[in-house]
Structure formats: structure tokens, C-alpha cells
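**Student:** Just dropping this structure here.
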Amino acid sequence: MENQLLDNDQRRVLAAVADVLIPTNNEMPSATDAGVTENLIDMVLGYRADLVPAFLDALTDCSGKDPSTALDEMANKCPEKFEALTLLTSAAYFQSAKVKAALNYNPAPRTAIDDVDTYIDMLADVVERGFTIR
């Protein structure tokens, strides 16, 4: 399991604001239904450690406030916190298996590019030239 940076209170705040940002509709799950507040946010925070301080500050700013009002205020007064919160929340959302299934997202497999011949030619040039320091 990933390291958990958020305590239960922070997860409750995140659940409230995330469902304002990403509500449920007929075909797509809400942020909490997709599991954003569970291990997905922890995974995404691990990928973007540079955004963790602004994200945590955003959650603190939203705590105890109406989520919609808090988000509107943050978007106007603290855009860097709003950006961290919305980016990480949406990134976690799109990592959800439920979201991928609802989107019917099945990416095409990547084909391997065998470029060994070019690589061998480049190495042959280096060997022919010999070791030099410039």
C-alpha cells in the first residue's frame, strides 16, 4: 500500500470538495464513488510531491466551509492551491478502474520499435573513433 499523507479529517474534506468538482451523472461516478479519497489520491500525491504542500494547504483552507464557496474563494484568491487541488483530484479520478470502465477506455497496445541496427551503427562509429575526451 502507498504511503498515506492524508489523515481521516483531510480525506473527509477532500471527499466534500472532490464531489463538487466531479459530481456523479448518469454514466460517470462521482469522485468519491471512483475511490479518489482512498488509495488513488495517495498514489497521485506520490507522483507529484512538488504539489503536496499546496494541496494540503488547499484542504486546510476548505475545512469547515461549504465546499462550493471554499472552491470559488480559492480559485479567486489562491490559484496555485486551486490548481494543485483540481489537478491532483482529477488525476486520481482518471486512475480509477470505475472511471476507465465508464469511459470504455481501452488504449491500443504500444508496438515495440526495434532500432538495434541504428544503435549498433552508432556504437561502431564510437569504437572506430576511439576513446576521446573533449
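The values are calculated or read from the model by the stated rules, or taken from the named source; none is laboratory data. Note that the structure is predicted; figures quoted are calculated from it, not measured. No Cβ is skipped: glycine too gets one built from the backbone with ideal geometry, and neighbour counts run over all protein chains shown.
**Student:** I'm told Glu27 meets every condition in (1) surrounded by 14 or more Cβ atoms within 10 Å (Cβ to Cβ); (2) touching a residue at least 60 places away in the same chain (Cβ under 8 Å) except one. Can you identify the failing condition by its number?
**Tutor:** (1)
**Student:** Can you list the helices (runs of 4 or more DSSP H) lying wholly within segment 1-69 that have 1 or more residues being modelled with pLDDT under 95 and out of contact with any helix residue (DSSP H, G or I) (no Cβ under 6 Å at 6 or more places or on another chain)? Outline the logic, then answer.
**Tutor:** Numbers: elements: 8-21, 41-47, 52-62.
Qualifying helices (runs of 4 or more DSSP H): 8-21, 41-47.
**Student:** Out of (1) exposed (fewer than 14 other Cβ atoms within 10 Å of the Cβ); (2) small (Gly, Ala, Ser); (3) within 13 Å of Gln95 (Cα to Cα), what's the single condition that is false for Ala34?
**Tutor:** For Ala34, the failing item is (1).
**Student:** Out of segment 60-89, which residues are small (Gly, Ala, Ser) and over 15 Å from Arg11 (Cα atoms)? Lay out the reasoning, then the answer.
**Tutor:** Of segment 60-89, the ones small (Gly, Ala, Ser) are 63-64, 68, 70, 75, 84.
Within segment 60-89, Ser68, Ala70, Ala75, Ala84 qualify.
**Student:** Restricting to segment 83-119, name every residue that is part of a helix (DSSP H, G or I), of a type outside the set (Gly, Ala, Ser) and either within 30 Å of Asp50 (Cβ to Cβ) or in contact with a Ser or Thr (Cβ under 7 Å, 6 or more places away or on another chain) (or both).
**Tutor:** Keep residues of segment 83-119 that are part of a helix (DSSP H, G or I), which gives 83-93, 97-103, 116-119.
Filter again for of a type outside the set (Gly, Ala, Ser), leaving 83, 85-89, 93, 98-100, 103, 116-119.
Once the filter is applied, which keeps residues that are part of a helix (DSSP H, G or I), of a type outside the set (Gly, Ala, Ser) and either within 30 Å of Asp50 (Cβ to Cβ) or in contact with a Ser or Thr (Cβ under 7 Å, 6 or more places away or on another chain) (or both), segment 83-119 yields Glu83, Leu85, Thr86, Leu87, Leu88, Thr89, Tyr93, Lys98, Val99, Lys100, Leu103.
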